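Peer 1: Below are the structure tokens for one structure; questions will follow.
The values are calculated or read from the model by the stated rules, or taken from the named source; none is laboratory data. Note that this is a predicted model, so its numbers are computed, not measured. Note: ideal-geometry Cβ built from the backbone for every residue, glycine included; neighbour counts use all protein chains shown. Protein only, heavy atoms only, side chains kept; ligands, DNA and RNA dropped before computing areas. Shrake-Rupley method; radii C 1.70, N 1.55, O 1.52, S 1.80 Å.
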Amino acid sequence: MRVLGIETSCDETAVAIVDDGIDMKSNIVASSMRLHVKYGGVVPEIAARSHIEAIIPTLQEAIEQARTSWEEIDAIAVTYGAGLGGSLLIGVLTARTLAITKNKPLIGCNHVLGHIYANFIRKTDLGNYKIVDHNPEFPMLAVVVSGGHTQLALFESHLKYRLLGRTQDDAIGEAFDKVAKILGLPYPGGPSIAEAALKGDGQAFKLPKARVGKYDFSFSGLKTAVLRLAQEQIGESFDFPSYRLPERLNEGQKANIAASFQRIAVETITDKVSVAIDEFNPKSIVLAGGVAANMALRTKLKTIVPCPLIIPDIKLCTDNGAMIAALGGWQIKNHLPLADPYTLDIAPNLTM
Ligand code: KG4
Ligand code: ZN
């Protein structure tokens, strides 16, 4: 089963081809990130316009890289939610048109589930990927840490899961991005904070961990605490405007704030994962989403996890088409209903 996956939920126009949900034949990602940097975040209209420009060349490149043709492609998978409405529309309309004109089955995919299924890619002939040839065993605990989602899910088998908890406000990646903005570090904030933190002391400042439900998360209080800390560090009151903080904080203060924030953000995740390990005794744990690229989180998780911990290659942590092509393959394998190419709609607020 050769599936072509299309992912356009945010600022990446991504197309990939994956066989049987595990064997990655191509993976092309065109990002409009550089166009958003000066705004400090993704501008939805710019992202949507970039998808229109990039989608056809990206499709062509993915087919070329896989050395395949439309005749050999068995199905088309596409992210229909969650994500930015205008961005999702381009991918969904492209996939619907292709499904009709090329006469292929259409599979609607949940973006967050796709991040988890990036962990099931176990083979590729493409260079530059470190693929773990590991079959995740069930029950499997999925730890989703991305720019839009933070949640824990327990899988009893493929595609059969229950959500244990989720963030009540900001996602962890969003917190990284917002704290980076407070410190004047470039977008996207995750890698910037991680880099700054290397030069700082994670114990320099005491920041709060949110108290929420057993498996739920909250990051908005932590973000506010960082803002207050930054204002305090330069001897200003809480009404000092945040946009003027970067010019007043020195490099040492920025590094220490970044490191202290990162430590608490990471511990917020690992504390809950520990509780879930004790309660559910999972046979494997998978880490998914853009923040899975964070080395501090990876390192800390490795110290607390008693079973195999599976983390995709960094290039498969952030948004990509391979995770959607992989998920599409597993949905077909597990006989999930197909999408109707004449009616499949976007679902910007789709949850898992
Ligand atoms: O999964 P993703 O590509 O998009 C969503 O589905 O949301 O995640 C993007 C998020 C951004 O918030 C970005 O700052 C964060 O992942 N991120 C990181 C790192 N690399 C990307 N966060 C922390 N450390 C990193 N190294
Ligand atoms: Zn994502």
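Peer 1: Can you tell me which condition MET323 does not meet? The list is (1) within 13 Å of ligand 1 (Cβ to nearest atom); (2) in contact with a helix residue (DSSP H, G or I) (Cβ under 7 Å, 6 or more places away or on another chain); (3) not assigned by TED's automatic domain parsing to the domain that holds ALA48; (4) not in a loop (DSSP other than H, G, I, E, B), and all the others hold.
Peer 2: Every condition holds for MET323 apart from (3).
Peer 1: Continuing with the same structure: Kindly provide the set of residues from the range 294-320 that are charged (D, E, K, R) and assigned to a helix (DSSP H, G or I), ordered by number.
Peer 2: Within the range 294-320, ARG298, LYS300, LYS302, LYS315 qualify.
Peer 1: Let me ask something else. Pairs needed: first member in the range 1-20, within 16 Å of ligand 1 (Cβ to nearest atom); second member anywhere, charged (D, E, K, R); C-beta distance under 7 Å; at least 6 residues apart or different chains.
Peer 2: Sorted first by the residue in the range 1-20, then by its partner, the pairs are GLU7/ASP319; SER9/ASP319; CYS10/ASP319; GLU12/ASP319; ALA14/GLU7; ALA14/ASP319.
Peer 1: Quick one: how many residues across the range 44-76 are surrounded by fewer than 17 Cβ atoms within 10 Å (Cβ to Cβ), over 14 Å from GLY91 (Cα atoms) and of a type in the set (Val, Ile, Thr)?
Peer 2: 1
Peer 1: Mind checking which residues of the range 28-43 are among the hydroxyl-bearing types (Ser, Thr, Tyr) and open to solvent by less than 40 Å² (accessible area, probe 1.4 Å)?
Peer 2: The answer is SER32, and nothing else.
To keep it simple, each residue is scored yes or no on (1) crowded, with 21+ Cβ neighbours inside 10 Å; (2) touching a Lys or Arg at 6+ places or on another chain (Cβ under 9 Å); (3) under 16 Å from LEU163 (Cα atoms).
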position	(1), (2), (3)
SER260	yes, yes, no
GLU267	no, yes, no
LYS272	yes, yes, yes
PHE280	no, no, yes
GLY290	yes, no, no
ASN294	yes, no, no
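Peer 1: How many residues does the range 186-229 hold that are within 16 Å of ligand 2 (Cβ to nearest atom) and either in a loop (DSSP other than H, G, I, E, B) or touching a residue at least 60 places away in the same chain (Cβ under 8 Å) (or both)?
Peer 2: Residues that pass the stated criteria total 4.
Peer 1: Step by step: first the residues of the range 272-293, then only those that are closer than 17 Å to ASP170 by Cβ and part of a helix (DSSP H, G or I), then the one that is nearest to the chain's Cα centre (by Cα). Which residue is that?
Peer 2: Looking at residues that are closer than 17 Å to ASP170 by Cβ and part of a helix (DSSP H, G or I), I get GLY290.
Peer 1: So which of ILE116, ILE131 ends up being surrounded by 24 or more Cβ atoms within 10 Å (Cβ to Cβ) and either more than 25 Å from ASP278 (Cα to Cα) or assigned by TED's automatic domain parsing to the domain that holds GLY329 (or both)?
Peer 2: Criteria check complete, one pass: ILE116.
Peer 1: Which of (1) assigned to a loop (DSSP other than H, G, I, E, B); (2) in contact (Cβ under 8 Å) with a residue 12 or more places away in the chain does LEU163 not meet, given it meets every other one?
Peer 2: (1)
Peer 1: Any idea which of GLY252, GLY235 is assigned to a helix (DSSP H, G or I), away from ligand 2 (no atom under 16 Å from the Cβ) and more than 17 Å from the chain's Cα centre (by Cα)?
Peer 2: GLY252
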